[in-house]
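Working notes for the structure below.
Readers should treat all values here as calculations from the given coordinates under stated rules, not as data from a laboratory. Treat the numbers as computed from the prediction; the structure is a model and nothing was measured. Cβ atoms come from the backbone with ideal geometry, glycine included; neighbour counts cover every protein chain shown.
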Amino acid sequence: MMTLKLRVILAVIFLLCWIIVISKAKKRQLELKYAITWLLLPLVIFIIIAIPGALEWMAGILGIYDVVNMVFFMGFMFSMIVIYTLTIALSRHSDRIRKLTQMIALDEFEKRN
Amino acid sequence: MKKLIIIPAYNESENIEKTVEDIKENAKGFDYVVINDCSTDDTLEILKRNNYNYVSLPINLGIGGAVQTGYLYAKKYNYDVAVQVDGDGQHDPTFLSKMADYLDENNLDMVIGSRFIDKEGFQSSFMRRVGIVYFTNLIKLLTGKTITDPTSGLRMAGRRVISLFAENYPKDYPEPETAVTAINNGMKIKEIPVIMRARQGGVSSITMKKSVYYMVKVTIAIIIEALRGKKK
């Protein structure tokens, strides 16, 4: 059972999340690609929570007894997905930095000789 | 007036020679620079072979990064006017001096070549036109200004806008967003009718899945840009 208290707390958290993300995106400290993730994620979770019965249905399918646990499980899964995509992005970035470093070094060599 | 044509090119080996020759032929008052966005085909070889003026990026940045490099070049070498001409042959260089004169006479910061004022020439696919109308209305809602062709890549920037874009430019699908950026920074922008051609060869980089991402990303980007508020 999910209490009203929990729903309200979650809604407030999501709203705060939105405010912070939009603020960072405005200041160009958060790139748009990732800002979209942080904006859409709470929205998706909120919609799932708001649709009556959706949470219960999902909990039933997964064999979870208490619906509140479903909320936590969802949050956990989404966190894992976000972390995973971050590691992919990081891998790409470190690869590009390596390429740049090598090119700069070889350019510098050319200039010297 | 020192005038520059920025030609971003990613894997345009089929079109790049035609595009550059077309520009050399039909836009004589303009310098040009091809920005090779780390093409994986033989675009670079073609540029070298023909001794074209180019800058070659060591890694692929995407259209935003490539065009921004062009604006950095324009700022560095002190150009009064910079205009983007796509490497796929859709833009007709004969409009460029008209745009430059229009910018100069009316003391504008930016001139956008719009396909949809006179509705002549290549009008793009139906789906794209729906998207374009959507952005026109969104921009009008957020800034009050009507831009009939917000996705047009044919845009000419004066010194102030060159500085602005050299500093800040979106990474992908930059056109609608940068129109809002320019508007909110108090730039004077006007559109003139132009005629564009269909893509001459090669393949567009925008697929169906990317179109959805485009709509969502650009919508959010425009809203955030509008939230940054107006500056003098």
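Please pull out the direction-averaged projected area of chain A, using the convex hull of its alpha-carbon atoms, in nm² to one decimal place.
9.4
What ranking do A:79-87, A:28-36 get when scored by the average of other Cβ atoms within 10 Å per residue, highest first?
Per-residue mean Cβ counts within 10 Å order the peptides as A:28-36, A:79-87.
Could you give the length gained by full extension between A:I20 and A:L6, i.e. 0.36 nm per residue of separation minus their alpha carbon distance, to one decimal place?
Full extension of this stretch gives 2.9 nm more.
Work through the residues other than A:T85 whose Cβ is under 15 Å from its Cβ and net out their charges, Lys, Arg +1 and Asp, Glu -1.
With Lys, Arg at +1 and Asp, Glu at -1, the net is +1.
Only Cα pairs under 8 Å and at least 6 apart count here; give the relative contact order of the range B:102-211 as a rounded whole percent.
Contact order relative to length: 42 percent.
Within a 10 angstrom radius of each residue's Cβ in B:216-222, how many Cβ atoms of other chains show up on average? Whole number is fine.
Rounded to a whole number, the mean comes out at 3.
Once amide H atoms are placed 1.01 Å from N in the peptide plane, what residues at a sequence separation of 5 or more from B:I35, or on another chain, have their amide H within under 5 Å of its amide H?
Amide H neighbours of B:I35: B:I7, B:A9, B:V55.
Restricting things to alpha carbons, tell me how big the protein assembly as shown is in terms of Rg and Dmax, in Å.
23.5, 75
Apply the Karplus curve 6.51 cos²θ - 1.76 cosθ + 1.60, θ = phi - 60°, to the phi angles in the range B:182-197 and return the couplings in whole Hz, x for Gly and Pro.
Result, rounded to whole Hz: 5, 4, 6, 9, x, 7, 8, 10, 9, 10, 10, x, 9, 10, 9, 9.
So who's got an amide H within less than 5 Å of the one on B:E191, skipping anything under 5 residues away but keeping other chains? H placed 1.01 Å off N, in plane.
Under 5 Å from the amide H of B:E191 lie the amide H atoms of B:I112, each far enough along the sequence or on another chain.
Quick one: work out the % antiparallel among DSSP beta bridges in chain B, nearest 5.
20
Enter the mean projected area of the convex hull around the alpha-carbon atoms of the range B:75-232, in nm², rounded to one decimal.
For the range B:75-232, the mean projected area of the Cα convex hull comes to 9.3 nm².
Hydropathy first: keep DSSP H helices in chain A averaging at least -1.0 on Kyte-Doolittle, then drop any whose Cα extent along the axis falls short of 18 Å, and list what survives.
Helices meeting the criterion: A:4-26, A:32-50, A:67-112.
Considering only DSSP beta bridges where both residues belong to the protein assembly as shown, give the percentage that are antiparallel (nearest 5).
Beta bridges within the protein assembly as shown, antiparallel portion: roughly 20 percent.
Once phi is turned into ³J(HN,Hα) by the Karplus curve 6.51 cos²θ - 1.76 cosθ + 1.60 with θ = phi - 60°, what whole-Hz value does each residue of the range B:114-126 show in order, with x for glycine and proline?
Taking θ as phi minus 60°, the curve returns 9, 7, 10, 7, 9, 6, 10, x, 5, 9, 6, 6, 4 Hz for the range B:114-126.
What FRET efficiency, computed as 1/(1 + (r/R0)^6) with R0 = 25 Å and r the Cβ-Cβ distance, is obtained for A:F73 and A:L40, rounded to the nearest 0.05?
The pair A:F73/A:L40 has a calculated efficiency of 0.85.
I need the fraction of alpha carbon pairs in the range B:82-133 separated by more than 15 Å, rounded to a whole percent.
Within the range B:82-133, distances greater than 15 Å cover 57 percent of Cα pairs.
Net charge around B:K217, counting only other residues with Cβ within less than 13 Å of its Cβ (Lys, Arg = +1; Asp, Glu = -1)?
It works out to a net charge of -1.
Only four residue types carry charge here, +1 at the Cβ of Lys and Arg and -1 at the Cβ of Asp and Glu. Report the dipole size of the range B:85-199 about the Cα centre in Debye, rounded to the nearest 20.
Taking the Cα centre of the range B:85-199 as origin, the dipole is about 260 debye.
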